[in-house]
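First the structure, in the form of structure tokens, and then the observations on it.
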Amino acid sequence: MSHNSFGHLFRVTTWGESHGPAIGGVVDGCPPRLPLTEADIQPWLDKRRPGQSKFTTQRQEPDQVRILSGVFEGVTTGTPISLMIENQDQRSRDYAAISTQFRPGHADLTYDLKYGVRDYRGGGRSSARETAMRVAAGAVARLVLGSAVRIRGALVQIGPHAIDRDRWDWAQVDENPFFCPDPVMAAIWDEYLSGVRKSGSSAGAVIEVVADGVPPGLGAPIYGKLDADLAGALMSINAVKGVEIGEGFAAAALSGEANADEMRMRDGLVEFGSNHAGGILGGISTGQPIVARFAVKPTSSILAPRQSVDRLGNEIEIVTKGRHDPCVGIRGVPVGEAMMACVLADHLLRHRAQNPDAPTTTRLPRN
């Protein structure tokens, strides 16, 4: 199977299956002499780790990362950084019944049609378990970006229940199991998802990721657009069915006057009056916060019987057993942050390679 890598100068490759002995990744293109230890990566993995609340899968994985190469005496060497996490709590027997059956909403059918073989244990390569290595790579990417760039994610909607943006408080994100910036909505989600979980069903979600401190100039016209790469990266996350930048689809309902981000000069810098563009114009960063949202479908593994077919073409009724997230979007927050970090790190290195003397602020060049 090909297509397991993304990025250009900062390139990430992942490997492994949900129920295999381990999962891993290789980060290539990281600059040398950056301080890096496993302790720098582990906190981000702990945010994504399963089994931390009743609203996520109860699979117990410590997700302890090991650095196998690319680091010497506590700093990166500029060579490929190889990372590995051992799988420790697989229960492959839970999936024996569906070895020849296709679960609705899963990649079972498409993998079989494409390759003629599939690892049915927890979805194999198509499992969201793979995203742990994206989070590990994102930790490395944050070091490349430096402390001036801050990337934060939040859950802004579960099922039909969206947050009130007037109550947005970043400090609340770490105070509840939902990464929710609205404490009132967090309580509503708790009750709502408890009912969803007890019924054996699932719910979808919308996640918002914001990057502050991104310099202007990242991205390139036409086929190297920052928003295109960012949308592709977020769309590659398991169960994601939609991505928008800035106002996104809501921009279609705005007038040209309302949607335009007006500019003025302040202290020699260009200042924007709004950020409907989400920090990207013409595929190039403006220096404003980069804002992206992505929609995650309801977890496909549910207890309600569903109509399907098996590998022999028989029509069947299927019930998916195992340990599953009632809302997979919850653990998608640190994954979305990581993908944002990886894309920005890649574009920062590309920008520096082409424009080593480019300005880092919105101060206008003088001819």
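Across the chain, Cα-Cα pairs farther apart than 28 Å form 47% of the total.
Computed from label points 7 Å out along Cα-Cβ, the spacing between Lys114 and Ala187 is 4.5 nm. Translational diffusion of the stretch 216-266, estimated by Stokes-Einstein from the Kirkwood radius over alpha carbon pairs at 4 °C in a medium of 1.567 mPa s, is 97 µm² per second. By the compact-protein rule of thumb, 2.2 N^0.38 Å, the alpha-carbon radius of gyration of the stretch 63-152 corresponds to a ratio of 1.47. Summarising the label geometry, the points placed 7 Å from Cα in the beta-carbon direction at Val319 and Thr100 lie 2.1 nm from one another.
Note on Glu257 and Ser194: the extension gain reaches 18.3 nm, defined as 0.36 nm multiplied by sequence separation minus the Cα-Cα distance.
Computed FRET efficiency, Cβ-Cβ of Asp174 and Arg311, R0 41 Å: what is it to the nearest 0.05? Before the final figure, lay out the partial values.
On the way: r = 45 Å, r/R0 = 1.10.
Calculated transfer efficiency: 0.35.
Each residue, Thr37 and Arg66, gets one label point 7 Å from its Cα in the Cβ direction; the gap between the two is 1.9 nm.
What does the charge dipole of the chain about its Cα centre add up to, to the nearest 20 debye, if the Cβ of each Lys and Arg holds +1 and the Cβ of each Asp and Glu holds -1? The partial results should precede the final answer.
Numbers: 39 positive and 41 negative charges, 147 e Å.
Computed charge dipole of the chain: roughly 700 debye.
Size of the stretch 158-198 from its Cα atoms: along the principal axes, largest to smallest, the extents are 30, 19, 11 Å. Cross-link reach is defined here as a Cα-Cα straight distance under 18 Å, omitting same-chain residues fewer than 8 places apart; for Lys321 the aspartates and glutamates meeting it are Asp89, Asp94, Asp108, Asp119, Asp310.
Can you give the calculated 222 nm mean residue ellipticity of the chain, where each DSSP H run of n ≥ 4 adds -39,500 (n - 2.57) and the sum is split over every residue, rounded to the nearest 500 deg cm²/dmol? Before the final figure, lay out the partial values.
On the way: 7 runs with 87 residues, N = 367.
Taken over the chain, the calculation gives -7500 deg cm²/dmol.
A straight Cα-to-Cα reach below 13 Å connects Lys47 with the aspartates and glutamates Glu61, Asp63, Asp174, Glu175, Glu337, residues fewer than 8 places away in its own chain not being considered. Using alpha carbons only, how many degrees (0 to 90, rounded to 10) separate the axis of helix 131-145 from the longest principal axis of the chain? Helix 131-145 and the main axis of the chain meet at about 10 degrees.
Estimated from the Cβ-Cβ distance and a Förster radius of 30 angstrom, the FRET efficiency linking Thr77 and Gln354 is about 0.75.
Evaluated at q = 0.11, 0.18, 0.19 Å⁻¹, the base-10 log of the normalised Debye intensity for the stretch 214-367, with identical point scatterers placed on the Cα atoms, takes the values -0.58, -1.11, -1.19.
Here r is the Cβ-Cβ distance between Ser201 and Ser2 and R0 is 30 Å; the resulting FRET efficiency, rounded to 0.05, is 0.25.
A short reminder: the numbers here are calculations on the coordinates, not readings from a lab. In this text, all values refer to a predicted model and were calculated from it rather than measured experimentally. Cβ atoms come from the backbone with ideal geometry, glycine included; neighbour counts cover every protein chain shown.
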